[in-house]
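Some notes on the structure that comes next.
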Amino acid sequence: MKTAVFIARILLGIIFVVFGLNGFLQFFPQPEMPQAAIAFFGGLAASGFMLPTLFATQLVGGALLLLGMVPLGVVILAPVIVHIVEFHVFLAPAGLPLAVLVATLAMFLAWTHRPAYRPLFAASLAPSALISTPEQSAPARPRA
């Protein structure tokens, strides 16, 4: 099992580092995409910030996986992976096999590291119990 986790971590990390870098350096040619996919990417590019944010997130998440910080890397990459799968399901089906591979690797890593995520799903104290108010932190004054 350790070997499978290691292979999944390295493979997913490399995929995201390479595609994150490609977003900035464009060393892979852009594949042909349907018109709807082109319009979607055009909208992201027109925002001026969304594509750089997306590529930086991929780069950071992939680097975290390669460095062995799997739970944090998967948490950072999870929303990106959801959108990659949605993009290929609805706009560019030709890339769906790679999207399914990426999603499968991420779910496998999340499952094998599930104890790290347990606190995210645990009931916690009410926020008011975690924050001290000035009355609680001030020394008690004697009443006159």
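The values are calculated or read from the model by the stated rules, or taken from the named source; none is laboratory data. Keep in mind it's a predicted model, so treat the numbers as computed, not measured. Every residue, glycine among them, receives a Cβ derived from its backbone with ideal geometry; neighbour counts consider all protein chains shown. Surface areas here come from the heavy atoms of the whole protein model, side chains and all, with no ligands, DNA or RNA. Shrake-Rupley method; radii C 1.70, N 1.55, O 1.52, S 1.80 Å.
With each label modelled as a point 7 angstrom along the Cα→C-beta vector, the H83-F6 pair spans 3.4 nm.
Rounded to the nearest 10 degrees, what's the angle between the helix 70-90 long axis and the longest principal axis of the chain, both from Cα atoms, 0 to 90? Relative to the chain, helix 70-90 is tipped by roughly 50 degrees.
For every helix of n ≥ 4 consecutive DSSP H residues, a contribution of -39,500 (n - 2.57) applies; sum these over the chain, divide by its total residues, and give [θ] at 222 nm rounded to the nearest 500 deg cm²/dmol.
On the way: 8 runs with 104 residues, N = 144.
The helix contribution divided over the chain gives -23000 deg cm²/dmol.
What do the square roots of 5 times the Cα gyration tensor eigenvalues come to for the chain, in whole Å, largest first, as semi-axes of the equivalent ellipsoid? If you can, show how the numbers build up before the last one.
Working: eigenvalues 322, 94, 40 Å².
After diagonalising the Cα gyration tensor, the semi-axes are 40, 22, 14 Å.
Between the beta carbons of W111 and T53, assuming R0 = 30 Å, the FRET efficiency works out to 0.60 to the nearest 0.05. The C-alpha atoms of the chain define a longest principal axis, and helix 35-47 lies at about 50 degrees to it.
Taken over region 1-78, the convex hull of the Cα atoms encloses 109 Å³ per residue. The angle between the Cα long axis of helix 96-112 and the longest principal axis of the Cα atoms of the chain comes to about 30 degrees, rounded to the nearest 10.
Order M50, M33, M1 by their accessible area, 1.4 angstrom probe, all chains in place, largest first. Please report the intermediate quantities before stating the final value.
Details: M50 70, M33 40, M1 150 Å².
Most to least solvent-accessible, the answer reads M1, M50, M33.
Accessible area ranking (1.4 Å probe, heavy atoms, ligands and nucleic acids excluded), largest first, for E32, E86: E32, E86.
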